[in-house]
Amino acid sequence: MSLPPYTPATPTDEPLDYVKLVNIDLAKFDDPVGRQELARDLYEAATGYGFLTLTNHGISDEVYRRQMQISNAMMTLPPEEKAPYEGIQALSSPAGGLITPEEDARGLYVGYKPAGPLGHKGGFPKQLDHYNILVHDPKNRPHPEIMRPYLEETQEVMSFIRNNILKKLLSLMAMVLEVPDEVVQATHAPGGSKTEYIRYMMCEPRPKEESEKYRDIFLSGHTDWGSWTFLFSQPISALQVLDHQDGVYRWVQHQPNGLVINFGEALERLTGGLFKATIHRVVQPPESQRHLRRIGVIYFARPADDVELRPLESSPLLKRLGRDKPMDDRVFCMADYLDARKHGWKRYEYDIDRPMDTAKHSDFFAGEYPDPEGHKSLGKFDNVAREIYVPVLKAAN
Ligand SMILES: O=C(O)CCC(=O)C(=O)O
Ligand SMILES: [Fe+2]
């Protein structure tokens, strides 16, 4: 079975308010002077927008394009072909269900997770569909037929991101924090995360009314839970970053064949808040691209499950900057952190420029997450009111 053809969209020429991101050029990594420069670039990105672009990453244009093509094929399968590969069993598809309710409660995402208000299990509805493939899947879960010939190549892409690109970023992080390389590499020990995955994603264009119901947002303002998120840059503008300084959301510009990388909450916690978890969201594309289906490929890197999310103790830099205290009043290991986040821990209201009017708009996070029987969650935070994020205060501290 061959993949249907996929032609990437033409980038928009509308003059959008783009964010100016630091670029990490990995061609400089093998040169000692170049590597020092990259460490400075990483510091600037980590303490600035928490976003960067990466060039000379080593993924060939052909492999890069094919990932987009695979994503397109996987996301546009008819619903009946997707149903058996849904993560948690949908009421509409008795055959589906790749994960147990308990795995779901622990924050494991595998297989298809369809969009739709409230979905079939309450809570956390999203306006996008995705399909996740684990880096290490002890259960060797099956994939749709169209995926099978490309599974090995996809696994190679994941290994390359993990064992090459991620490793280089971790080395730069070790240089910034002034700690031995092994200390930082150990936080991401190979095979240590049961939940690290690649995600194929799709946003279908929405009718005006539906879009307005969700404040023209596809994925509301959030920070990612892991360490770094690697986005295959794609031409349909929709991703926006919240500028910590002035509270304005700005657009991320497409970098053909480049990677767009954002910093997540785990890194923020490993550095006592020095590395900022980027607040970002996905909104309605500009006028000229609004009618297009948006296909994405994303790799979510995560520390090993047993790594405690507290500042790395041996870092002289964190000590000097007073960043050696845990950020929150509770410290979780990575696996427990996912559980806590799944249950509503640290949920902020970040869409400050498009506040929700309960009379007009639907809430992305409506509903309470129903735990499976016997699941001992680390706390139920679903009913804790969401705090409104105030960027100027964050910039000042
Ligand atoms: O689609 C994008 O550009 C970003 C998606 C995203 O932020 C996420 O899935 O966490
Ligand atoms: Fe995200």
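See the values below:
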| read-out | value |
| --- | --- |
| Additional length obtainable on full extension of the chain from D61 to K380, 0.36 nm per residue less Cα span | 110.4 nm |
| Which of L292, L259 has the fewest Cβ neighbours within 10 Å, and the rest in rising order | L292, L259 |
| Equivalent-ellipsoid semi-axes of the stretch 243-329, from the Cα gyration tensor, Å, largest first | 33, 16, 11 |
| Packing-based exposure ordering (other Cβ within 10 Å, fewest first) of M173, M68, M1 | M1, M68, M173 |
| With at most 16 neighbouring Cβ atoms within 10 Å, loop GluC sites (Glu not before Pro) (DSSP) excluded, longest segment of the chain | 1-177 |
| Largest-first principal axis extents of the Cα set of the chain (Å) | 55, 47, 46 |
| Over 22 Å between alpha carbons, listed pairs K20/K342; K28/K167; K82/K139 | K20/K342 |
| Cα-based radius of gyration of the stretch 251-301 once divided by 2.2 N^0.38 Å, which approximates compact folds | 1.45 |
| Distance from the stretch 194-232 to the stretch 294-328 (C-alpha centre basis), Å | 23 Å |
| √(5λ) per eigenvalue of the Cα gyration tensor, the stretch 1-84, largest first, Å | 34, 18, 13 |
| Residue-span extension gain [Q245 to E182] - 0.36 nm each, minus C-alpha spacing | 19.3 nm |
| Neighbour-count order for T47, T223, fewest beta carbons within 10 angstrom listed first | T47, T223 |
| Gaussian network model of the chain, Cα within-10 Å springs - most flexible of G374, G296, G111 | G374 |
| Kirkwood-based shape ratio for the stretch 217-279, expressed as Rg/Rh from alpha carbons | 0.97 |
| Equivalent ellipsoid, the stretch 189-308 (semi-axes from 5 times Cα gyration tensor eigenvalues, Å) | 27, 17, 13 |
| Dipole axis of the stretch 1-94 (+1 Lys, Arg; -1 Asp, Glu on Cβ), positive-most option in L52, P84, V33 | P84 |
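No lab work stands behind these numbers, since they all come straight from the coordinates. All values reported here derive from a predicted model rather than from experimental measurement. Virtual Cβ from ideal backbone geometry, glycine too; neighbours counted across all protein chains shown.
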